[in-house]
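All remarks here apply to the structure that follows.
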Amino acid sequence: MQFGDTLIVTRDGPSIQKINLQVRKHESVFDDIKAMSKADMLPTELAGPYIADLKKEDSNGLPSLTIISNEPVRVSGQATFSFYIYRPKHLPALP
Amino acid sequence: MKRSPLRFIPALLSGVIVLAGCDSMHVRTLEQSSDIQQLTDDEARRWYAAKELDRIWQHQGLIYADDELTAYLQSVAVKLYPEFSETVRMRVIDSPDLNAFALPNGSVYLNFGMIARMENEAQLATVIAHEVSHFKFQHSLKQRHAMETAVIAGWTVTILSGIPLSGELLALGAMSGYSQDAEREADREGFDRLIRLGYDGAESVKVFRMLQQEADVLDTKEPWFYSSHPRLSERIQSMQSLKAEHGNSNGIANRERFAAMTTGLSARLLEKYLIAHKYKQLIQLLEDSALRARYPTHAEFYLGEAYLQRKAEGDEEKAQAAYLQVVEIAPHFAPAYRALGLIYMQREQKAEALRFFEQYLQLDPDAEDKKYIELYRNRLLEES
C-alpha cells in the first residue's frame, strides 16, 4: 500500500504488523531541525539528527519521548542504526 | 512521522466554540479566597474547565516537578496576595519558552524557562503579581472580546508559545484573551503590590526588557508573550512611568534566595534549548559574557552546539574553539570531547579524532551513544 511518500509493507494487515518505507530527499529529510543529510554520510551518522528531529517535535511543551535503546546494527550486511522509543500517550483535548 | 501544527485545529476550534457559547454577565473582582464559595454558573463552568486543565497537564507530565521550587513560588505569591493564600496555586510547566499565564480558578503557571532567565526574586514577583492580578480581576471572564480575532490570536499562540492545548487556554481567556486595558490594569495592580512589599521596581522593567530582547532575537514582530497584549515597548514605557512615580530606588531584589531556590534551572534551560534547536537563544545568552556568567562553566559547549545548528559561514570553527575552551576550563565535561572527535573525524584528522573519542569514553563509560563512538573509534583504529 502506498500513502503519499510512504510505502507500507505488511503480511497480515497493517494493524497487526507493518514496515513503513519512506524515501526522503537530502535537503528536507530533517525539516524540524533544519538539517540535511549527505550522500557520503555513514548510515550510523544519521541516527543523531534523526533522533534530534523526533525530540524537537516533542520539545515544544509536550512530554519528551524516551529513548529506550539506540545502537548501531547491521541489516543485510549494511551498517545502520536501530532504536526503540517510548512516547507517552497524549490525552484528548477537553470537549 | 511528521506531525503538523494543524493537529491543534480541533482543540482551537473547540476553544472558540466554548467562547461563543458563553453569555455576557456581571463579573466581580475577587477580594478574598472565600469569594469563590458563591460562583455564578459561568464562573463555575470556567472553574471546572480550568481544574480539568490542571489535572490533564499534571497527568500528561507537563508539570516540572520540583516541590521546593513550587513551594518557593507559592510563598512569593502568598506574600504578594495573602488574601488568596487558599486559592492561588503556583505551578511550573516544563517548557523553555518565556511564558506565564493564570487560569480562572487561580492556578498560575510559569514556564521553567521564564524563571531560568530571571535574575532575582523581584523579577519573579513581577510576573507572579501580574498573573494573580488577572485572577483577582477575573479578566478571563470580563473578556468576551473580539471573536473575529480569536482564531488569529490562537494560531499565534499555538505556533509560537509552545503551550499545548492552547484552544482551551484561549477559551478560558488565559492567553490571548485579555484586552490592553486589562493588561494595564494587571500591570498597575501588580506593580503596586511589589512596591508595597518593598521590592525594587526597576526589576519589573527588566523583565519586560528581557521579553523584548527575546522578541528581537527571534525577529518576532508581535511578541508572542500574550500576543494581543499591548506592545512590549509600550509596556516598558508604562512600567518606567510607574517606577518613576511610585518606585523605590533601593528596593529588595533577593538575589541570593532566588539563586538558591532556582539552582539547576540554568543548566536545564541550555539542554532544552539545544534539544529544541533554539540556537538563536543559546547564542544570544552565551555570546554575552555578562549573561554567560550565570551559567555553568561548561556552558560554552552549548554555544558550540548552537553554532553547529546555525551553520553560518565560520560556525564550525567557532564551535571547535568553544569545545576546546570547555576542555580547558571544564576538563571533566565529556560531551565536549565527543564533539571534537566528530569534528576531527569529518576532517579526516584521524589521530586527533581517536584521541578525543578515547577521552570521551573514559570520562563517560555509560554514555547513551557509547556504541556509536566505539564504532567510530574502532574504524579509526583499523584505518590507522
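The values are calculated or read from the model by the stated rules, or taken from the named source; none is laboratory data. What you see is a predicted model, and the numbers here were worked out from it, not measured in a lab. Here the Cβ is made from the backbone with ideal geometry for all residues, glycine too, and neighbour counts use every protein chain on show. Calculation scope for accessible area: heavy atoms of the full protein, side chains included, ligands and nucleic acids excluded. Shrake-Rupley method; radii C 1.70, N 1.55, O 1.52, S 1.80 Å.
Just a few scattered comments:
- Among the residues of region B:274-307, those identified as open to solvent by 60 Å² or more (accessible area, probe 1.4 Å) and not charged (D, E, K, R) are B:Ser289, B:Ala290, B:Ala293, B:Thr297.
- Close pairs from region B:36-50: first within 19 Å of B:His139 (Cβ to Cβ) and more than 14 Å from chain A (Cβ to nearest Cβ), partner of a type outside the set (Asp, Glu) and open to solvent by 100 Å² or more (accessible area, probe 1.4 Å), Cβ under 8 Å, at least 6 apart: B:Thr40/B:His26
- Residue match in region A:80-89 (condition: open to solvent by 90 Å² or more (accessible area, probe 1.4 Å), modelled with pLDDT under 85 and more than 30 Å from B:Arg377 (Cα to Cα)): yes
- Residue list for region B:64-115, restricted to those being of a type outside the set (Val, Ile, Thr), touching a residue at least 24 places away in the same chain (Cβ under 8 Å) and under 20 Å from B:Gly201 (Cα atoms): B:Leu73, B:Ala77, B:Lys79, B:Leu80, B:Tyr81, B:Ala100
- As a summary of the residue check, A:Ile51 satisfies the conditions (1) open to solvent by less than 60 Å² (accessible area, probe 1.4 Å); (2) at pLDDT below 80; (3) at the interface with another protein chain (Cβ under 10 Å from one of its Cβ atoms) except for the one numbered (2).
- Which numbered condition B:Phe356 fails, given (1) within 31 Å of the chain's Cα centre (by Cα); (2) surrounded by 14 or more Cβ atoms within 10 Å (Cβ to Cβ); (3) within 29 Å of A:Asp40 (Cβ to Cβ): (1)
- Verdict on B:Pro331 being surrounded by fewer than 18 Cβ atoms within 10 Å (Cβ to Cβ) and touching a residue at least 24 places away in the same chain (Cβ under 8 Å): no
- Residue ID - nearest to the chain's Cα centre (by Cα), chosen from residues in region B:334-353 that are open to solvent by less than 30 Å² (accessible area, probe 1.4 Å) and farther than 20 Å from B:Lys311 by Cβ: B:Ala334
- Members of region B:327-353 found to be more than 17 Å from A:Leu42 (Cα to Cα) and part of a helix (DSSP H, G or I), listed by number: B:Val327, B:Glu328, B:Ile329, B:Pro335, B:Ala336, B:Tyr337, B:Leu340, B:Ala351, B:Glu352
- Any helices (runs of 4 or more DSSP H) falling wholly within region B:275-321 and containing at least 2 residues that are at pLDDT 95 or above and within 19 Å of B:Gly113 (Cβ to Cβ): B:279-286, B:299-310
- Region B:220-229, residues that are at pLDDT 50 or above and surrounded by fewer than 18 Cβ atoms within 10 Å (Cβ to Cβ): B:Thr220, B:Lys221
- B:Arg268 being within 14 Å of chain A (Cβ to nearest Cβ) and farther than 24 Å from A:Ser37 by Cα: yes
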